[in-house]
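Shown next, in structure tokens, is the structure this report addresses.
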Amino acid sequence: MAFLEVKHIRKVYTGRLGSKETIALKNVNFSVNEGEFVSVMGESGSGKTTLLNLLSTLDKPTEGEITLAGTPLTAIKEKELSRFRREQLGFIFQDFNLLDNFSLKDNILLPLVLEQVPVKEMESRLKPLVERLGISQLINNYPYEVSGGQKQRAAVTRALITKPKLILADEPTGALDSKSSEVLMKLLADIHATKQTILMVTHSARAASYSNRVLFIRDGEVYHEIYRGDQTAEEFMNRISQALLFAFNRGEKNEI
Ligand SMILES: Nc1ncnc2c1ncn2[C@@H]1O[C@H](COP(=O)(O)OP(=O)(O)OP(=O)(O)O)[C@@H](O)[C@H]1O
Ligand SMILES: [Mg+2]
């Protein structure tokens, strides 16, 4: 069995009083092996965030089953969900989601504080990570005192500090300039090289080119996937761009 299995996922949002239905995901099937770095691409409204919300147990599918490391997500009891999220998953968001009144260090350690991890253990996990991510000189600063790229690196450190089974990232480079994006993607590639499993939603072919597989979703279904194989990031980026262009042209023709 694969590390992450997504089987026949359907997600229908029902409006208030059951008035209006939106089929956000129709029939999504894919699996991810341990240690893979997978990107998900698709136009606005194609269901990417919906999919991440289901994977992160923030929402439940209407039909279908998601299994992570042998655990069906629906089998987790409601009161155990937040602990499951904290211990097993790491999140990286477009807008960093750091608490303004906490220093970077306190932001990073927050998941461990919630788990009541001993202070000594916290410090020993923190040090190598902040060094690796290049923010060791900044950890006593507050989020408003550092750059967007540095904030995102603190957010990545926070995602890694619990040693999660799976990192989920929603547009992690979305709020960054091209240089900071590149630094971040190189970091994610390094993290992937340590066998960390990552699933990332992105609009950027360049960001996706750092992963080893790209899933394309449209109208709530995965309609295409490409593997990087032994191509360089540059070659892979060109293939991703072509796939996006092809899908876009097809969409245009369908509408005429
Ligand atoms: N809570 C909700 N209630 C009702 N409809 C929703 C809800 N969340 C999303 N939708 C609808 O579901 C569809 C998929 O939305 P989703 O947010 O997953 O798209 P997305 O691929 O993440 O888009 P973007 O690239 O703009 O972030 C859209 O038609 C959206 O309007
Ligand atoms: Mg979205």
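Taken together, the values in this text are just the output of simple stated rules run on the coordinates, not laboratory data. Quick caveat: nothing in here was measured; it's all calculated off a predicted structure. Ideal geometry is used to build each Cβ from the backbone, glycine not excepted, and the neighbour counts take in all protein chains shown.
A few comments on the model shown:
- In plain terms, the chain from Ala75 to Val119 could stretch by 12.6 nm, reckoned as 0.36 nm per residue minus the Cα-Cα distance.
- Tail fraction, Cα-Cα pairs, region 4-248, threshold 25 Å, whole percent: 44 percent
- Spacing of the modelled spin labels on Tyr13 and Gln137, each 7 Å from Cα toward Cβ, amounts to 4.4 nm.
- Under 19 Å from the Cα of Lys26 - aspartates and glutamates, other chains or at least 8 residues apart: Glu5, Glu43, Asp59, Glu63, Glu65, Asp219, Glu221, Glu225
- Screening the chain for whole DSSP H helices with an alpha carbon extent of at least 27 angstrom along the helix axis and a mean Kyte-Doolittle hydropathy of at least -1.0 yields 233-255.
- Listing Glu182, Glu115 from fewest to most neighbouring C-beta atoms within 10 Å gives Glu115, Glu182.
- Gaussian network model of the chain, springs between alpha carbon atoms under 10 Å - residue of Phe91, Phe216, Phe30 with greatest fluctuation: Phe30
- Given 14 as the ceiling on other Cβ atoms within 10 Å, longest exposed-site-free region of the chain for trypsin sites (Lys or Arg not before Pro) in DSSP loops: 78-194
- In the elastic network of the chain, a GNM with C-alpha springs shorter than 10 Å, the most mobile of Ala159, Ala189, Ala207 is Ala189.
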